[in-house]
Amino acid sequence: MNFFEVYSRIKIKSNNLMKLGGGIWFLDPPKDVSLDGYRIDDVIQYTDGIILFYFGIVVLLMTFFAIKYRARPGHSAEYDKGDSKKNVIISICMGMMVFLTVDVVIEGMAFKDLKEAFWKFPKGENVVKVEIMPQQFAWNFRYAGLDGDFATADDLIPAQNQMHIPVNTPVVIQIAPYDVIHSFFIPNFRVKVDATPGMVNTLWFQATETGRFEIACAELCGNSHYRMKGILTVDSHEDYQKWLSSQDEEGEPEEDDWDDDEDEGVPTYWGWSWKEAI
C-alpha cells in the first residue's frame, strides 16, 4: 500500500468527522461538478491538515515553555545562544521533517495529478473545442462550426458572458486576452487559467452534472473587474444540440445576466489559430 492509498483512507474518515463537526475543518467549498476537481480538493485538504498539525505543535510547545520557564521565586532565566551541537541537530531534523511532509508530499501529489489528468489532453471527435478571448470586462467565446475549424464563416459566437457545454464530454479551451491580463475561473470545476497577453494557454475539463455555474475573472483587470462575470451552462446532449442549432438561426441573441451595457461588443479579430495540445 503506497502513501496515496493510505492518505485516501484517512481522507474518507476525516470527511466523515467533518460532517459530524458541522464543516469546521473545510469551509464549505462550492460543489465539485467536474471529473478531476477532487484532485484539487485533496491537495488543499492535505495542505490544511499539515498546517493545522504543525500549528498545533507550535501552540502546545509555546504554552508548555511559557509555563515551565515562567518567572517565579527562586528561578532565574538561563541564556542559551542556541548554537550547541544538540540544538543544531534538532533544528535540522525539524526542518527536514517539515520539508518532507509538506513540500515533497504536496509536490508529489500535484505532479501526480498533472501527469495522470491535467496534462492528458483528450482527443477525438467527441471533444468540444472552445476559444475564449476575455476583454475589459466581458467574456467572449467562439465555437468551431460544422467544418470543425476556427476562423471560418460558420464559427459560432454566442452572446457575451454565455458559455454552453454538454455534460460528460471533455472540453478543451484555448484562451488569450484582447487587452490586459485576465484569469478564467470556474469555482465549481476547480478550473483556473490565466489569459496572458502574447500567449495562448490551453486547459481541459469535463462536467459531471448539468446546471448553471458562475464564471469569474480571478485577475485584477481594471476598475470594473468586480463585474466581469459570466455563466457556464452545462446542458444535456440533446439540449446542447438545440442550443447549437439556435445559434445558427437569425434573431435576437440570448441576453446575459450581468447588465454589460458598457462593453464594446465582441471583437472581430481573435488573433490566433487553434493549436492542438501535445
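The values are calculated or read from the model by the stated rules, or taken from the named source; none is laboratory data. Please read these numbers as outputs of a predicted model, since none were measured by experiment. Neighbour counts are summed over all protein chains in view; Cβ atoms, including those assigned to glycine, are modelled from backbone coordinates with ideal geometry.
On the basis of being modelled with pLDDT of 75 or more and charged (D, E, K, R), does ASP235 make the cut?
Yes; evaluated as a whole, the condition is true for this residue.
Need at least 2 residues that are modelled with pLDDT under 85, under 22 Å from the mean Cα position of the chain (by Cα) and farther than 30 Å from VAL171 by Cα per element, so show me which helices (runs of 4 or more DSSP H) inside region 26-113 make the cut, counting only ones lying wholly within it.
37-68
Residue by residue, here is whether (1) in the same structural domain as SER34 (by TED's automatic domain parsing); (2) within 16 Å of LYS275 (Cβ to Cβ); (3) among the aromatic types (Phe, Trp, Tyr); (4) modelled with pLDDT of 90 or more holds:
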position: LYS123; (1), (2), (3), (4): no, yes, no, no
position: PRO134; (1), (2), (3), (4): no, no, no, yes
position: LEU146; (1), (2), (3), (4): no, no, no, no
position: LEU156; (1), (2), (3), (4): no, no, no, no
position: ALA159; (1), (2), (3), (4): no, no, no, no
position: MET163; (1), (2), (3), (4): no, no, no, yes
position: ASN168; (1), (2), (3), (4): no, no, no, yes
position: VAL172; (1), (2), (3), (4): no, yes, no, yes
position: ALA176; (1), (2), (3), (4): no, yes, no, yes
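With respect to VAL58, is the statement that it is over 20 Å from PHE205 (Cα atoms), of a type in the set (A, V, I, L, M) and crowded, with 17+ Cβ neighbours inside 10 Å true?
No; evaluated as a whole, the condition is false for this residue.
Working only within region 146-173, note down all residues that are farther than 27 Å from GLN136 by Cα and small (Gly, Ala, Ser).
Within region 146-173, just GLY148 meets the criteria.
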